[in-house]
Every structure is written in structure tokens, then in C-alpha cells.
1. Return the whole-Å distance between the Cα centroid of the range B:154-174 and the Cα centroid of the range A:168-184.
2. Can I get the semi-axes of the range B:83-141's equivalent ellipsoid? Compute them from the C-alpha gyration tensor as square roots of 5 times the eigenvalues, in angstrom, largest first.
3. Could you go through the range A:112-126 in sequence order and give the Karplus-derived ³J(HN,Hα) for each residue, using 6.51 cos²θ - 1.76 cosθ + 1.60 with θ = phi - 60°, rounded to whole Hz, and x for Gly and Pro?
4. Note the count of lysine pairs whose C-alpha atoms are less than 25 angstrom apart in the range B:96-247, limited to pairs 8 or more residues apart or on different chains.
5. Computed over the Cα atoms of the range A:28-81, what is the ratio Rg over Rh, Rh following Kirkwood?
6. By a straight-distance test (C-alpha under 21 Å), which lysines pair with A:K3 as possible cross-link partners, with residues fewer than eight away in the same chain excluded?
7. Take the alpha carbon atoms of the range A:14-60, find their center, do the same for the range A:199-224, and report the distance between the two centers in whole angstrom.
8. In degrees, nearest 10, range 0 to 90: what is the angle between the Cα axis of helix B:143-160 and the longest Cα principal axis of chain B?
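Read-outs throughout are calculated quantities, based only on the coordinates presented, and are distinct from any laboratory measurement. If you're wondering where the values come from, they're calculated on a predicted model, not measured in any experiment. Note: ideal-geometry Cβ built from the backbone for every residue, glycine included; neighbour counts use all protein chains shown.
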Amino acid sequence: MLKDKRIRIIIGHYGSGKTEFAVNYAVKLAEMGKKSAIADLDIVNPYFRSREKHDELTEKGVWVMSNSLDGKSALDLPAISASVAAPLQNKEYDVVLDVGGDAVGARVLARYKEYFKEGEYDMFCILNANREQTSTVEGAIRHIDSIESVTGTKVTGLVNNTHMLRETTVEDVLRGQELSKRVSEELGIPIKYVSTLENVARLLPEKMDGEIFPIKLYMREIWM
Amino acid sequence: MAKVLMKGNEAVGAAAIKAGCKYFFGYPITPQNEVPEYMSKELPKIGGSFVQAESEVAAINMVYGAAGAGVRVMTSSSSPGIALKQEGISYIAGAELPCVIVNMMRGGPGLGSIQSSQSDYFQATRGGGNGDYRTLVYAPANVQELVDYTMKAFDMADYYRNPVLVLGDGMIGQMMEPIEFKETEKMDLPEKDWATTGTKGARKPNIVNSLRLQAPELEALNQKIEAKYMEMEEKEVIYESYKLEDAEIVFVAYGTVSRITKNAIDLLEQEGIKAGLIRPITLWPFPNKAFAEIPATAKALMSVEMSQGGQMIDDVKIANEGRLPIGFYGRSGGMVPAPQAIVEAAKELLGGVK
């Protein structure tokens, strides 16, 4: 994780688990003693965004930024806080950018293009083979292309986060790994992480492309 | 069929198309925008049509027109948008036409918020439109049920020639869950020989209308549609009863809140308090008969809703027929009840009635 570039852009389709990955990643950075900042740039979805966990994340030492109105609330307005530029400029910070949904949501990134110099950022694309739009190699590549074309940035790593929420099995992850491998070969982008629930991560084979990244479900209430 | 992961709002669209819906007319409003988004993308692929109307009032009247032509048609919106559609819904019921309407409820009154709520229970079950009409109302609690009841809604609408409402809330619309599209038995439905499809010179014109100026004629229509509502009350009631055996307190909750309430029931069990749940799946007709299953051990009922003073509680009172004391716990404005808060409210109620 610490070998990743200081600025990590997290993209992925709705339901890919991008927000869970981004939140878990930001928390882990804080736990490693880094100055961790997460910017919720999702202007597409009205619910289940990282800003909802503002208080919990702040307590864990993560600086949470989102909209410019009141930070935590549930507004689907394209109003991003000016403070997002601060950790992008301040090199003491490790930044995670949690970007909303599809190419429409990713357009926000173009605003910060000046900070995304080649070699100074990582852009991770979260793949979930159980989602209709990214269940095939062609679908996944189309998704990556459409996002790259509006943001002007390049995906530098894939994250296999194939899941079925609490019903996720090892088979789900392995099927997603196959898909990710083929996308990786096709585009020449490495698989950086295999992200899955802690109880599934324990059962995965030891040797896999990409680092196994066990996650907790921060975004999903216990009754969901 | 294998399970796929879908967001509630997308799943509604996919289910409607599976059920043969080819036409969708709507106007955007959060938190249900993924429904029109999905339909706009998918309907042209199957030779159907999606129209983003200039308003909700226009959208429901487009639904009225398409339903009159005998095709499967749907609209969706969220609370204030559904409020705007009430006039059209009354007309559609009066003209005896089938259609499916989806409401992903948000906080009110007025424009309210974009967060989840259940404060359109009155609107859904009492109707905001004029006249003696009813709509069958399904209240799914998870995305799988949202799929199943959206598909069933089309059959029911055709069978009864009446609008059917699928009542979800913002959370279920936005929530991602594993689902499968089950092959269901085809319902035996009558020919749509009333549809305005052109006479081709072979028959008398069919007329779609809700205006009946002669009193005997209008009363006859009312008697006819009332007979349908009585049939629905007899045949279409669906509910779930959960852990009613030996329950000291019986919750009544629907939709997503029933899931939170089940969590509260588990917590109460850990404290040695037996609690059960009646979950109406059809809100109209309301499952009055479920209340006959309440055991003699029950000391109180409690309605749990995402509504400030409670709306379903009125139906709970009717079904209870004055037998047990009824408590209420609710949050509103987009606030979601927490399991522990329901536990505390239940303990307080039981303490008071012991």
C-alpha cells in the first residue's frame, strides 16, 4: 500500500464496492500512521456515500471531505468542497479520491487534472464480475475507456473486488480474478489488489496476482 | 438463473421489462432516478418507448393513454412526484385501466428531503385522488421482493384492470443486493378486448373515459369497481408473520423498517423478551386477518414506521379491534430507526402495560 502513489483515485461502477474499498484503504493508511485524507467526489449517488461515515472516519484519524455545504449531508448537488485541493497540494498527505459511479460521475476529476501528473498518481479501477455492466472483459474495458476519456487520467491498477455482499464466496472472488486477469492482459494494467471480506480473504489461495486486501463493511448497516 | 447484484432502482426496471413492460413515462426525481435511467437505456433495445415527460402530471396522463391502448406500461417517481400523479391515478382507476406505479418514498411534507421515508402510507392506501377507488399496494422489504412484486404487479393490474402501486423507499431503491429473476407461472389473463387499438371497421369503437354524467351509470361503475376491491380484499392479502409464538410484544412494520425491526427482535430475545412481527406485504388490502394469529401471551402491539406520528398505525388500530394497547415508534425526515432505539421503545411500552 505504501508503494502506491501518494494520490490514489478510486473508480468503479456502482455496486463495484468502490466506496467500501476507498474507505477501508483510507482507514488502513491512518492506522499506518499516515496523514490520511479521503475526498468523497460522488455527485451521482444520493445515498451510501463515504461522507455518511464522516464521524466514524474522523475518529479513526481520516480527514473526510465532500460537498461545500455542510460536509456530511445527503445532497445530490455538484458542489465539491474547495478543501479537496488542500491534500492534493500538501505532499504530507496521502489522499484517496472516492469517485462516483460511471463516466458522468468521474467527470468531476477533470477539475483536478493539474495534480494528476504521470507517475504521481495511481488510479485503481474496482471490478466486480457480479455486476451486469462489468461481468465481461468487453464490458469492463468499455467502462475503463469511458472513464479515462472524460478524466484524461489512466488506470494504473485493477482491484478485483468481486462480491455478492455478505453472500460472497471464494468462487466469486476466483471468477472475478479470471476476469481481472483477462482485462489485465488485454490492457497491460496489473492487478494491484484482491479485495474481499475478512472471512473470505482467509480462505483464498496464497498465491494470487495482486495483494490480498481484507475489508470490513463500513457502509452497510447491520440489518442490510 | 444465477444471482446478479443490482441496485433496487435498476432491478425495478429489469423486472418490469421481464414482465413485458414496453412503455415508460416519467419525470426525474431523487432517489429513484436510476429507474428512468435504466428504462431510457433498455426500452429502445426491445422496441419499446421511453419518454421523459415535461412533468409528473404529463407522465401519468401518458401512462393513461398507453394503458388505454392495452400495452404494459409503468411510471415511477418519489413522494412529491407521486402526489402530482394522483389525479391521473384516479382517472385510470375510473377508466378501469391497468398500469404499474412505483414510489420510492422520500421525506416530506412538501419537497421535503431526498432521504428515505415511509410517510406516503396514507397517500398510497387512502389515495390522493378523488372518488371511490383503491389501488393494490405492494411493500417489498428487499431488492428480491422488489423484483418479484414489480413483476406480479403487472399481472394484477391486467387482471383487475386497476392501477397497482409498488411502494418502496429511498433505501431500497438505492440499495445493492443479490437477486435472481425467477420463472413464474403465467397467469391466465383475459383478452384486452376493451383496448383502443382501432376498429378496422370490424367492431364498435372502444371508448376510454372516466366521465359518466348520468348518476345511475356512474353508480353502476362504482358498484363494478367496488366488487373488484372486495375480490382483492379476499384474494390478494399477503403478509409475513415472524416469531409470533409466545410473543409478549408484537411489532407491525413494513418495507425496510421490518428488517430493522427483526434486528430489534433478536436484541430483545437476547434480553429474554419475546417479540414477534406482523409484516404487511400488501398495505392495501391490509392483512387484518394476520392479527387473529396474535397469541394470548401478547401484551401490546407496536407500529414502527419511518413517519413522525405514524400512518399505518391507523390500520393497526382497525385490525386490532380495541383488543391490545398499541404503541408507536417512528423517525422521520430521512432519519432511520436504529434497532436499539426500537428495543428501548418496546421495553418502555411493556413496562407501562405490565
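1. The distance from the Cα centre of the range B:154-174 to that of the range A:168-184 comes to 36 Å.
2. In descending order the semi-axes read 22, 13, 10 Å.
3. With coefficients 6.51, -1.76 and 1.60, one gets 9, 3, 4, 8, 9, 7, 3, x, 10, 9, 10, 10, 9, 9, 8 Hz.
4. Lysine pair count for the range B:96-247: 17.
5. 0.99
6. Partners within reach: A:K18, A:K28, A:K34, A:K35, A:K91, A:K117, A:K154, A:K192, A:K207.
7. Value for the Cα centre distance between the two parts: 16 Å.
8. The two axes meet at around 50 degrees.
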